[in-house]
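Report on the structure given below.
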Amino acid sequence: MDATLQTVRIAVKTMLKDDDERYTHTLGAANTAKRLAEQHGIDPKKAEIAGLCHDICKCMSQETMYRWASKGFDEDTIQSYTPGAMHALAGRVYCEKKLAIEDIDVLHAIQYHVYGRPSMSTLEKIIYVSDYIEPSRTFVSDDIRALAFENLDEAVYASSHGIINHLKRTGKPVNHLGLKTLNAFRPSKRRK
Ligand SMILES: [Fe+2]
Ligand SMILES: [Fe+2]
């Protein structure tokens, strides 16, 4: 692994210093990701780093976020993300250019943590699910938390379903990229 865990811990703490809730969420997601990685047979350190980094740009102004995103993505890609999701694109570029993270799986896990995508790696699924089920998410049922340790694909579907329902309930737009993930992980579509 390129960037060390210690470097990432310090960077994340600095970047989220003005938002205690976000920092608590981040630590919860990183710890959940580490445990899920152990359970599902992938490198727990990589999962912890991706979990720590996933919201690293969340506290930036929208302008700064856009500036980081545009260093790595074209305008069409940026426009396909809602303003609330742009931290995922900014975070991927920030981690690559500023923290020198080279592992493409970690970078993808950051980039796709909001909407997911149909062909997610195990690490991507773990970060997507950890973001939703970490302990400070009080609206999430323990059934989904348990499911994540048993069947990751089912947990992706349950998380995606929960996220989209929450958006609908609160009158927020549902992005087509999120719907693509939901549809790809529907039990009837999923390959064994
Ligand atoms: Fe996020
Ligand atoms: Fe998050």
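Just a few scattered comments:
- Looking only at residues in the range 84-105 that are more than 16 Å from ligand 1 (Cβ to nearest atom) and not in a loop (DSSP other than H, G, I, E, B), the one that is surrounded by the most Cβ atoms within 10 Å (Cβ to Cβ) is E96.
- Restricted to the range 140-192, the set of helices (runs of 4 or more DSSP H) holding at least 3 residues that are under 15 Å from the mean Cα position of the chain (by Cα) comprises 152-169, 176-184.
- The lone criterion from (1) basic (K, R); (2) modelled with pLDDT of 95 or more; (3) exposed (fewer than 14 other Cβ atoms within 10 Å of the Cβ) left unmet by K172 is number (2).
- For first residues located in the range 49-64 and at positive phi, partners that are near ligand 2 (Cβ under 10 Å from one of its atoms) and assigned to a loop (DSSP other than H, G, I, E, B) and lie 6+ apart or on another chain with Cβ distances below 9 Å do not occur.
- Every residue from the range 92-108 that is touching a Phe, Trp or Tyr at 6+ places or on another chain (Cβ under 8 Å) and either within 16 Å of ligand 2 (Cβ to nearest atom) or of a type in the set (S, T, Y) (or both): Y94
- Qualifying position, being without any contact (Cβ under 8 Å) to a residue 60 or more places away in the chain and among the acidic types (D, E), among E134, E150: E150
- In the range 107-126, the residue that is surrounded by the fewest Cβ atoms within 10 Å (Cβ to Cβ) out of those that are under 11 Å from L152 (Cβ atoms) and β-branched (V, I, T) is T122.
- Just one of (1) in a loop (DSSP other than H, G, I, E, B); (2) in contact with a His (Cβ under 6 Å, 6 or more places away or on another chain); (3) surrounded by 14 or more Cβ atoms within 10 Å (Cβ to Cβ) fails for S136. It is (3).
- Which numbered condition T77 fails, given (1) more than 16 Å from ligand 1 (Cβ to nearest atom); (2) hydroxyl-bearing (S, T, Y); (3) within 17 Å of D19 (Cβ to Cβ): (3)
- Verdict on T4 being more than 19 Å from A88 (Cα to Cα) and either within 14 Å of ligand 2 (Cβ to nearest atom) or loosely packed, with under 14 Cβ neighbours inside 10 Å (or both): yes
- Filtering the range 7-59 to residues that are under 20 Å from E96 (Cβ atoms) and in a loop (DSSP other than H, G, I, E, B) leaves L16, D43, H54, D55, I56, C57, K58, C59.
The values are calculated or read from the model by the stated rules, or taken from the named source; none is laboratory data. What you see is a predicted model; the values in this text were computed from it and never measured. Every residue, glycine as well, gets a Cβ built from its backbone with ideal geometry; the counts of neighbours run over all protein chains shown.
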